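Visitor: Here's a structure for you.
The values are calculated or read from the model by the stated rules, or taken from the named source; none is laboratory data. Fair warning: this is a prediction, and the values are worked out from it, not measured in the lab. Neighbour counts run over all protein chains shown; Cβ positions are idealised from the backbone, glycine included.
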Amino acid sequence: MTGSTVSSDFPTTSGAYDTSYNGGGAYWGDLFVSKLDSGLTSLLASTYLGGAGIDLGNSLALDTSGNVYVTGETRSPDFSTTSGAYDTSFNDGDGDGDVFVPKLNSGLTSLLASTFLGGASFEYGWSLALNTSGNVYVTGWTDSSDFPMTSGAYDTSSNGYGDVFISTLNSGLTNLLASTYLGGYGFDEGRSLTLDTSGNVYVTGMTGSTDFPTTSGAYDTSDNNAADVFVSKLNSGLTILLASTFLAGGDCDSRSLSLDTSGNVYVMGFTNKADFPTTNGAYDTIFNGYWDVFVSKLDSGLMSLLASTYLGGSAFDFGNSLALDTSGNVYVTGMTYSADFPTTNGAYDTACGYYYADVFVSKLDGNLSADIYCTYSISPTSKSFSKSGGSGSVKVKTSSDCSRTAVSNAAWITVTSGSSGTGKGMVAYSVSANTGSARTGTLTIAGKTFTVKQARGKR
C-alpha cells in the first residue's frame, strides 16, 4: 500500500530503504510504502520515501519479480532519484509539484530506480500500470505546456487549463518511450489507467472541456455542459486515439476503471445528477440524494453502455476504487456519510458511524444487478454466417429472479428480441450482408460474450 503520512513515528521496518521522516506540511508529509501479509496480521516491510517538502503516493503496481512502482506528486526538489534515471532534476520552479516514479525491490530495502516527470508548471500522477514487458504507464494531470512529449504521439500540444497526460517509461525508468496530452480547452484530469491484453491503454477521469476528443460511434460524443466523466482508449504506443466517450454530465467524477476477461470496461466514481445514465435491471436506477456512487459498464470499443447503476444513501457517497474477481463480480470501495447506505444481512458491519464518514465495501455481480448470486450461461457461444448474413438465437439460462440484458457490439449485428428480461429466455439477432472483408463481432448477453463470424463478401 502507499499514501502520505505526517507521522514521524509511522511504522517502518528494520533495513527498510528509509526509516526516518523527511518532513512536509501540516496535512501531508512523506510518501510511505508498506507491505502486510495476506492475513493482515504482520507488517512485513515499510519505508518512508520523500524529501523536505510534501510527497503524496497515489498509486502502486508490482512487476512479475515483485518490484514495486509508485507514482504521485512531490513538492520536494530533494526527492530521491537515481543515477541514469530519465529526469533527475525537479522541474517546477514555483515548487507546486512534479510527478515522480520510483521503483523499490520487493523487500522495500533498496531504491532500484527513481525519476521525476514534469514540466515548468504543476502536475501530479494519479495512476500507473505495467505492460507485459514491464514498461510503466502513468496518467494524471499537468498544467505544463512543456510537459515532455514524444514524436508521433497522439497530441503533443497543451490544450488549455490543464490536460490529462499519459506517459510510458521503460522498466528501468531511464527512457521516456511515449508521452501524449489528452484534453480540450478546459480542465481535464486523468484519474485511473489500465491496459488490455493487447496492450491498449484505457484512461478515465473528469473533463470540463466541451471539445474533449471523442470518436465516431462512441457511446456519447456530446458534451453535457458541465464536468463530464470521460473514458478513452489509446494504442500501446500512444499514437492513436482508438475510442473515446463522455459518460453523463453535471458534477461527475470518475476515480477507477477495470476490465473483465471479455474486455468490457467497468468505471466508477460519483455524481450529483438525478439523470446519470442507468440501465434496465441495474441494482439502483434512482438517484438517492446529494452525491451517489455510480458504477458503469461499457463494451471494449466504448460504443455501448452495457450496465449502469447508482449506489448510495440519502447523504454523501463517494466511490474511490473498483476491482473484479475471477468470476466477474465487482467490488467497490469509498466513503459514505449515509446512515441508510445499503448493506446486506450478515455483513461485517451494517451500522454507519455517527456524524463522521464510514468506509464502505460493496459487491455487485458483473451485470451490476440487484442479486450478486445470479449466475448465467448462454448456448451456443458462437455462430458463423455466410456473406449473405442471416439470423440466429441464443438461449440464456439463469434463475427466475435474475435480470439480464443483451447488447450488440457491432453495427452489422442487431438484437431483434430479448434485449432485456428476467430469468431464462431467448435472445434473437440478425446479421446483415457483408460486402467487404471477413469480419468478427460480438454480442454481450447476460455478461457473457457471444461471437459472430462472417465470411468475406465479393472479391
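Visitor: With the condition kept exactly as written, say whether any residue in segment 158-176 is among the acidic types (Asp, Glu) and either within 18 Å of SER236 (Cβ to Cβ) or part of a strand (DSSP E or B) (or both).
Guide: Yes, because at least one residue in segment 158-176 is among the acidic types (Asp, Glu) and either within 18 Å of SER236 (Cβ to Cβ) or part of a strand (DSSP E or B) (or both).
Visitor: For residues in segment 199-212 being surrounded by fewer than 24 Cβ atoms within 10 Å (Cβ to Cβ) and modelled with pLDDT of 95 or more, which is nearest to the chain's Cα centre (by Cα)?
Guide: Among residues in segment 199-212 that are surrounded by fewer than 24 Cβ atoms within 10 Å (Cβ to Cβ) and modelled with pLDDT of 95 or more, the one nearest to the chain's Cα centre (by Cα) is ASN200.
Visitor: Separate question: Right, THR150: surrounded by fewer than 20 Cβ atoms within 10 Å (Cβ to Cβ), in the same structural domain as LYS233 (by TED's automatic domain parsing) and β-branched (Val, Ile, Thr) or not?
Guide: yes
Visitor: Name the pairs: first residue in segment 227-251 and not assigned by TED's automatic domain parsing to the domain that holds GLY134, second residue part of a strand (DSSP E or B) and not acidic (Asp, Glu), Cβ to Cβ under 7 Å, at least 6 apart or on different chains?
Guide: Sorted first by the residue in segment 227-251, then by its partner, the list stays empty.
Visitor: I'd like to check something: does segment 317-324 contain any residue that is closer than 30 Å to PHE450 by Cα, aromatic (Phe, Trp, Tyr) and either outside the structural domain of ALA410 (by TED's automatic domain parsing) or surrounded by fewer than 18 Cβ atoms within 10 Å (Cβ to Cβ) (or both)?
Guide: no
Visitor: What single numbered condition from (1) under 19 Å from GLY125 (Cβ atoms); (2) assigned to a loop (DSSP other than H, G, I, E, B); (3) of a type in the set (Gly, Ala, Ser); (4) touching a residue at least 60 places away in the same chain (Cβ under 8 Å) fails to hold for ALA61?
Guide: All conditions are met except number (2).
Visitor: Within segment 400-444, can you find the residues that are assigned to a loop (DSSP other than H, G, I, E, B) and over 24 Å from SER296 (Cβ atoms)?
Guide: Of everything in segment 400-444, those that are assigned to a loop (DSSP other than H, G, I, E, B) and over 24 Å from SER296 (Cβ atoms) turn out to be SER400, TRP412, GLY423, LYS424, SER432, ALA433, ASN434, THR435, GLY436, SER437, ALA438.
Visitor: Since SER20 meets every condition but one in (1) touching a strand residue (DSSP E or B) at 6+ places or on another chain (Cβ under 7 Å); (2) within 28 Å of THR142 (Cβ to Cβ); (3) of a type in the set (Gly, Ala, Ser), which condition does it not meet?
Guide: Here SER20 meets the rest and fails (2).
Visitor: How many residues, within segment 121-153, are over 14 Å from ASP163 (Cα atoms) and free of Cβ contacts under 8 Å to residues at least 40 places away in the same chain?
Guide: So the answer is 2.
Visitor: Search segment 27-41 for residues that are under 18 Å from ASN67 (Cβ atoms) and pair each with any residue that is acidic (Asp, Glu) and at pLDDT below 95 when their beta-carbon atoms are under 7 Å apart and the residues are at least 6 apart or on different chains.
Guide: LEU31/ASP55
Visitor: While we're looking at this one, here's another question. Among residues belonging to segment 60-93 that are within 20 Å of TRP28 (Cα to Cα) and either in contact with a helix residue (DSSP H, G or I) (Cβ under 6 Å, 6 or more places away or on another chain) or of a type in the set (A, V, I, L, M) (or both), point out the one that is surrounded by the most Cβ atoms within 10 Å (Cβ to Cβ).
Guide: Among residues in segment 60-93 that are within 20 Å of TRP28 (Cα to Cα) and either in contact with a helix residue (DSSP H, G or I) (Cβ under 6 Å, 6 or more places away or on another chain) or of a type in the set (A, V, I, L, M) (or both), the one surrounded by the most Cβ atoms within 10 Å (Cβ to Cβ) is VAL70.
Visitor: State whether one or more residues within segment 181-188 are crowded, with 20+ Cβ neighbours inside 10 Å, at negative phi, over 16 Å from the mean Cα position of the chain (by Cα) and not in a loop (DSSP other than H, G, I, E, B).
Guide: Checked against the condition, which is being crowded, with 20+ Cβ neighbours inside 10 Å, at negative phi, over 16 Å from the mean Cα position of the chain (by Cα) and not in a loop (DSSP other than H, G, I, E, B), segment 181-188 yields at least one hit.
Visitor: Within segment 283-305, which residues are of a type in the set (A, V, I, L, M) and surrounded by 23 or more Cβ atoms within 10 Å (Cβ to Cβ)?
Guide: VAL293, VAL295, LEU298, LEU302
Visitor: Turning to a different aspect of this structure: Mind telling me which of the residues TYR124, TYR69, TYR86 ends up being in the same structural domain as LEU31 (by TED's automatic domain parsing), of a type in the set (Phe, Trp, Tyr) and in a loop (DSSP other than H, G, I, E, B)?
Guide: Step by step, each of TYR124, TYR69, TYR86 is checked, and only TYR86 is in the same structural domain as LEU31 (by TED's automatic domain parsing), of a type in the set (Phe, Trp, Tyr) and in a loop (DSSP other than H, G, I, E, B).
Visitor: Part of a strand (DSSP E or B) and at pLDDT 95 or above: does that describe VAL267?
Guide: Answer is yes for this residue.
Visitor: In segment 5-13, is there at least one residue being touching a residue at least 12 places away in the same chain (Cβ under 8 Å) and outside any loop (DSSP other than H, G, I, E, B)?
Guide: yes
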